[in-house]
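K.L.:
Please see the structure below; I have some questions.
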Amino acid sequence: MNKSKNKTLNRKIISSSASVIISLSLVLFVVGLLSLALINAQKLSNYIKENIGFSIMLKENTNQFEVKKFNKSVDAMPFTKSTTFVSKDAATSELESDLGEEFVDFLGFNPILASIDVKLNPDYSNNDSLSVISNNLIKNSLVHEIYYQKNLISRINNNVKKLSLFLITFCIILFFIAFALINNTIRLSVYSKRFLIKTMRLVGAQNSFIQKPFILDGLYQGMYSAIFAIFMLMGSIQLVQAETASLLNITDLKIIGLVFILIFIIGIILSSLSTYFAVKKFINVSESELYN
Amino acid sequence: MNNQIIKLEGVSIDHLDHNVLDNINLSIKKGEFTYLIGDTGSGKTSLVKSLYAEIKVSAGNINIINYNLNKITKKDIPMLRRKIGIVFQDFQLLTDRTIRENLEFVLKSTGWKNKKDIDLRIDQVLKKVHLKDSKEKMPYQLSGGEQQRAAIARAILNKPEIILADEPTGNLDPYISQKIIDLLKEINLTGTTVLIATHDYEVIKNNKSRIIKCSNKNLQEISIEEL
C-alpha cells in the first residue's frame, strides 16, 4: 500500500509540472521586482530632488549672532530639508584648494562671501517655488544675494518627470507581459492534457468535477511559485541592500511584506483563474478542434 | 419507446460538412446484441458518436434510453453518458493514473462517495474482466487486450443499460479479439444492450448476431450470409 502511495506521490510531484512552477516563479519574481521599483520610484525621485538647493550669500561683516539666528529661522522654514553654514574662511580655502593657487594674495582682497547652503524639500524643488523663496529671503538685511542654477533645476525636474513616466509605462507593459506569460504557460500545460479532459467528459463526468482537480493543481502551482519567487526576491534584496540603502526603501519591512503578500495573492489568483479558463475551453471544444 | 432502447427516425448525420448518413431509420431493442458494420468512412463512428451526443444530427429524431438527443441540453449530456458504457478502439484510458484510479474517477464523478463501496465495485468489475491483479498498474504497463478489458470494466462500472463499442477489436489480434467479444457477450447475457461498430468480419462470423450495414449513406439489415 505504501509503495503504491509513494508511486502516486512521485507521479503527482512530477506531473505537478516543475516547468510550470519554474516559469511562474520567474514571472512572479519579475512582478515582485517591478512592484518594489514602483513603490520606490517616489523615493528615488525625492532623493534626486532633495539634492537640489540654493545658496544664500551673506553680506560682508555681518554679526555672527544674527547670522546664527537667521540660519535657524531658515532651518525652520517648510521648504528647508537641511542647511549648512559655510564661513568666509572655509569657502576661501575650499576655492583655493580647487584652483590650486592663493587668489587672495593675487587679487589683494578676498571677494568670497560667507553663505548658507540650503537643500530643499522635494515639493519645493522647482523654479517657481525657488523664485518666491528667493524674493522673500532677499528682503532680509543680512542677505547679499540668492544663488541657484535655474536651468539645472528645470532640467532635473524634467528628467525626473520623464524617468517616472518611463518607469510607470515600463512597469505596466511588463505587468501585462507577465500576466500573458503566466496564462500562456498554464494554457500549454492544460493543452497537453486535453485528451484526458475529453476522456473524462466521455465517461460522464460533469464539468465542475473535471475542473476541480485542475484548479486545485493550479492553486498549488501558484502557491509554490509564489514561495519560490519570494525567496528569490529576498535573495535579491539582500544582494542590493548595501548598495542602495540610502536610495531605496527596501529595508522597510512593511513595504517588503506588502510586496510578498501581493506576489502570493497574484500567484494563486492568476494561476487558478488561468487554469479555470483553460480547462473550460478544452471541455467545450469539439473533437476536431482538439487535433488543431 | 416501449422495448426500444435506440430509435432513429429520418436521421441525417454530417461529418466535417460532409453528409455521411442520410435519412436513416434504426431501432434496437433492450438486451439486443447488434453489429454495425461498413467500410471505413461509411459513417459507423459518426453514428455511434451521435448516440452518445458527441455530435449533433443534422436532421431527424434520435432517441436513446428515453433521452431525445434533439432536445438534450449540455447539462444533461453527462447524465446520459452515465447510462451508456462507451468502449473505444484506442481504449482512451486516463494515462496519468492506475487502472484502479481510472475506475475510481468514473465512480466518484458519477456520485459514488463511500470508499468501501467504491473499492468493492472496482474489485467486482476487474474480476469480471479478469484484471484483478493489474489493479495498480498504469495503462502503459498493460497489453492492448488488457487495456481494452480495462476499458470494458470502466464501461460497465455503473451497470449501463447499453454498451456502445466503437471498433473494440480494431487494435487487437484475432485471439484477443475473440476474448473481448466473449466478454461483451457475457455482459449482454446480463441484459445489457450491446452495439458494436466493427469491420472485423471474422469476429462477426464466429459470433452470430443481428447485423446492420452502413453503405451509401444508408443503413440496411443483412444476414451473416450476405457478409
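The values are calculated or read from the model by the stated rules, or taken from the named source; none is laboratory data. Please read all numbers here as calculations on a predicted model, not as lab measurements. A quick note on method: Cβ atoms are made from the backbone with ideal geometry, for glycine too, and the neighbour counts reach across all protein chains shown. These accessible areas exclude ligands, DNA and RNA; they are computed on the full protein's heavy atoms, side chains included. Shrake-Rupley method; radii C 1.70, N 1.55, O 1.52, S 1.80 Å.
K.L.:
Under the definition of Cα pairs under 8 Å and six or more residues apart, what whole-number percent is the relative contact order of chain A?
P.N.:
Once normalised by length, the contact order is 30 percent.
K.L.:
Hey, another quick one. Stokes-Einstein diffusion coefficient for chain B at 25 °C in a medium of 0.890 mPa s, Rh from the Kirkwood formula over Cα pairs: what value in µm²/s?
P.N.:
For these conditions, the coefficient is 136 µm²/s.
K.L.:
Using a probe radius of 1.4 Å on heavy atoms only, what accessible surface per residue do you get for segment B:65-162? Whole Å² is fine.
P.N.:
About 47 Å² of surface per residue is accessible.
K.L.:
Taking 30 Å as R0, compute the FRET efficiency from the Cβ-Cβ separation of B:Glu225 and B:Lys29 and round it to 0.05.
P.N.:
Details: r = 23 Å, r/R0 = 0.75.
Approximately 0.85, to the nearest 0.05.
K.L.:
About the Cα centre, and with charges only on the beta carbon of Lys, Arg (+1) and Asp, Glu (-1), how big is the dipole of segment B:96-159? Nearest 20 debye, please.
P.N.:
240 debye
K.L.:
Ordering B:Thr73, B:Thr40 by accessible area with a probe of 1.4 Å, largest first, what comes out? Walk me through the intermediate numbers first.
P.N.:
Numbers: B:Thr73 70, B:Thr40 130 Å².
Of B:Thr73, B:Thr40, the descending order of accessible area is B:Thr40, B:Thr73.
K.L.:
Report, in debye and to the nearest 20, how large the dipole of the protein assembly as shown comes out about its Cα centre when Lys and Arg carry +1 and Asp and Glu carry -1 on their Cβ.
P.N.:
Values: 62 positive and 49 negative charges, 575 e Å.
For this selection, approximately 2760 debye.
K.L.:
Please report the accessible area of B:Ile224 (heavy atoms, 1.4 Å probe, ligands and nucleic acids excluded) in Å², nearest 10.
P.N.:
B:Ile224 exposes around 40 Å² with every protein chain in place.
K.L.:
Given a 1.4 Å probe and the protein chains all in place, what does the accessible area of A:Met232 round to, in Å² to the nearest 10?
P.N.:
We get 70 Å² for A:Met232.
K.L.:
Given chain A, report the % of alpha carbon pairs whose separation exceeds 27 Å.
P.N.:
Value for chain A (Cα pairs over 27 Å): 62 percent.
K.L.:
Here's another thing I want to ask about it. Helix-only mean residue ellipticity at 222 nm, chain A, DSSP H runs n ≥ 4 weighted -39,500 (n - 2.57), per residue, nearest 500. What is it?
P.N.:
-24500 deg cm²/dmol
K.L.:
Okay, next question. Put +1 on the Cβ of every Lys and Arg and -1 on every Asp and Glu Cβ in segment B:96-159; which of B:Ala150, B:Ile118, B:Phe105 then has its Cα farthest towards the positive end of the dipole?
P.N.:
Result: B:Ile118.
K.L.:
Okay, moving on. Please list A:Met57, A:Met200 from largest to smallest accessible area, probe radius 1.4 Å, with all protein chains kept in place.
P.N.:
A:Met57, A:Met200
K.L.:
Tell me the mean residue ellipticity at 222 nm calculated for chain B from its helices only (DSSP H runs of n ≥ 4, each -39500 (n - 2.57), averaged over every residue, nearest 500).
P.N.:
Computed ellipticity for chain B at 222 nm equals -9500 deg cm²/dmol.
K.L.:
To the nearest hundred square angstrom, how large is the accessible surface buried between B and A, total for both chains, probe 1.4 angstrom? Please report the intermediate quantities before stating the final value.
P.N.:
On the way: alone 11500 and 18240 Å², together 27740 Å².
Answer for the B-A pair: about 2000 Å² buried.
K.L.:
Computed over the Cα atoms, what is the radius of gyration of the protein assembly as shown divided by 2.2 N^0.38 Å, N being its residue count?
P.N.:
1.70
K.L.:
Please work out the average accessible area per residue across chain A, using the 1.4 Å probe convention, and give it in Å². Walk me through the numbers before you get to the answer.
P.N.:
Working: 17180 Å² over 292 residues.
For chain A, the solvent-accessible area averages 59 Å² per residue.
K.L.:
Counting only protein heavy atoms, what percent of the accessible surface of the protein assembly as shown is carbon or sulfur at a 1.4 Å probe?
P.N.:
Using a 1.4 Å probe with all protein chains present, the protein assembly as shown comes out at 56 percent carbon and sulfur.
K.L.:
Here's a follow-up. Name the residues of segment A:180-205 whose accessible area falls by at least 20 Å² when all protein chains are present instead of the chain alone, probe 1.4 Å?
P.N.:
Those are A:Leu196, A:Lys198, A:Thr199, A:Met200, A:Arg201, A:Leu202, A:Val203, A:Gly204, A:Ala205, which lose 20 Å² or more relative to the chain on its own.
K.L.:
Which distance in nm do the two modelled labels at A:Val132 and B:Asp17 give, with both placed 7 Å along the Cα-to-Cβ direction?
P.N.:
That separation, rounded to one decimal, is 7.2 nm.
K.L.:
Could you please put B:Lys179, B:Lys7 in sequence from largest to smallest accessible area, using a 1.4 Å probe?
P.N.:
Listed by decreasing accessible area, they come as B:Lys179, B:Lys7.
K.L.:
Another one. Between A:Phe103 and A:Ser236, what FRET efficiency follows from the Cβ-Cβ distance if R0 is 56 Å, with the result rounded to 0.05?
P.N.:
0.65
K.L.:
Calculate the mean, over all residues of peptide B:79-89, of how many other protein chain Cβ atoms lie within 10 angstrom of the residue's Cβ.
P.N.:
Shielding by partners across B:79-89 averages 2.
K.L.:
Within segment A:26-55, whose backbone N sits under 16 Å from a point 7 Å along Cα→Cβ of A:Glu243?
P.N.:
Those under the cut-off are A:33-34, A:37.
K.L.:
Restricting attention to the alpha-carbon atoms of segment B:1-74, what are Rg (one decimal) and Dmax (integer), both in Å?
P.N.:
11.9, 34
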